[in-house]
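The values are calculated or read from the model by the stated rules, or taken from the named source; none is laboratory data. Keep in mind it's a predicted model, so treat the numbers as computed, not measured. Here the Cβ positions follow ideal geometry from the backbone for every residue, glycine too, while neighbour counts run over all protein chains shown.
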Amino acid sequence: MLKAVVFDFDGVITDSEILHLRTFNEVLAQYGIEITTRDYYTEYLGSTDFDCFKVLSDKHGLGLDKQGIENLVRQKNEIYEELAKTEGKIIEGVRGFLEMLRDNNVRMAICSGSLLTEIELLLDEAGLRHFFEAIVSAEEVKKFKPDPEGFLLALRKLNEKGLSPISAGECIAIEDSHWGLEAAKRAGMHTIAITNSYDAERLASAEKTVDILTELTISQLQGLCA
């Protein structure tokens, strides 16, 4: 029985991956480093800001300690917030899909490697915050996708808020990357992939793949959890 849907954020709800790449490169410019679009999508998408900067620091011999990396994360967050206010946008079909879930009493959560301030900023700007009972952001987990920790925490948060218990098998995770799909599967959830960041071939491990969320009907979603 379908009881909940857990969403990734970047690349599923908001078209913000290109904003993240731009802000990474603005911060890295002080070191003469630039991440190409190809490298971002093949190597860094799905990583937290901290992990991304750490890998780049090690790769380019910057010698940054934890405090230095955290400083870069703060710089990126400040730049991202300004960009998101003017250029952040919700992906087509998301609002209608959330309304369909709400109308069918399906509970909703977010599990993302983004910072909470980034997530809430865009949700508030778009008027979507009220749809989600729980948000798991980068600050709350020690292990990131493909580890299932974030999805399991999202499920725990939903269960803390509701009277009727939800099992992992009664949840569907919607992801745009193979890292996220693996994490959801390891958490015991059903999986749907959306081809906003990668083509269907790269997302073949999902139980169902779509190009836009409005392709999905409530009966299809219920069928995955039957």
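A few comments on the model shown:
- If you go through the range 6-54 and keep only what is touching a helix residue (DSSP H, G or I) at 6+ places or on another chain (Cβ under 6 Å), closer than 30 Å to GLU133 by Cβ and not aromatic (Phe, Trp, Tyr), you end up with VAL6, ASP8, ASP10, GLY11, ILE13, THR14, LEU19, THR23, GLY46, THR48, ASP49, CYS52.
- Scanning the range 80-89 for residues that are surrounded by fewer than 16 Cβ atoms within 10 Å (Cβ to Cβ) and of a type outside the set (Asp, Glu), we see that the one that is farthest from the chain's Cα centre (by Cα) is THR86.
- Residues that are at negative phi and buried (at least 22 other Cβ atoms within 10 Å of the Cβ) within the range 10-22 comprise ASP10, VAL12, ILE13, THR14, SER16, HIS20, listed in sequence order.
- Residue-level check: of (1) farther than 17 Å from TRP179 by Cβ; (2) assigned to a helix (DSSP H, G or I), TYR40 misses just (1).
- Out of ASN71, ASN77, ASN105, one residue alone is within 27 Å of ILE174 (Cβ to Cβ) and at pLDDT 95 or above. It is ASN105.
- Here ILE194 does not qualify as surrounded by 21 or more Cβ atoms within 10 Å (Cβ to Cβ), of a type in the set (A, V, I, L, M) and touching a Phe, Trp or Tyr at 6+ places or on another chain (Cβ under 8 Å).
- The condition (being within 17 Å of the chain's Cα centre (by Cα) and crowded, with 21+ Cβ neighbours inside 10 Å) is satisfied by just one residue among GLU175, GLU149: GLU175.
- Out of GLU92, GLU34, GLU99, one residue alone is within 22 Å of ILE174 (Cβ to Cβ), modelled with pLDDT of 95 or more and surrounded by fewer than 19 Cβ atoms within 10 Å (Cβ to Cβ). It is GLU99.
- Residue that is farthest from THR117 (Cα to Cα), among those in the range 63-88 that are touching a helix residue (DSSP H, G or I) at 6+ places or on another chain (Cβ under 8 Å) and not in a helix (DSSP H, G or I): GLY63
- Every residue from the range 1-31 that is modelled with pLDDT under 90, part of a loop (DSSP other than H, G, I, E, B) and not hydroxyl-bearing (Ser, Thr, Tyr): ASP15
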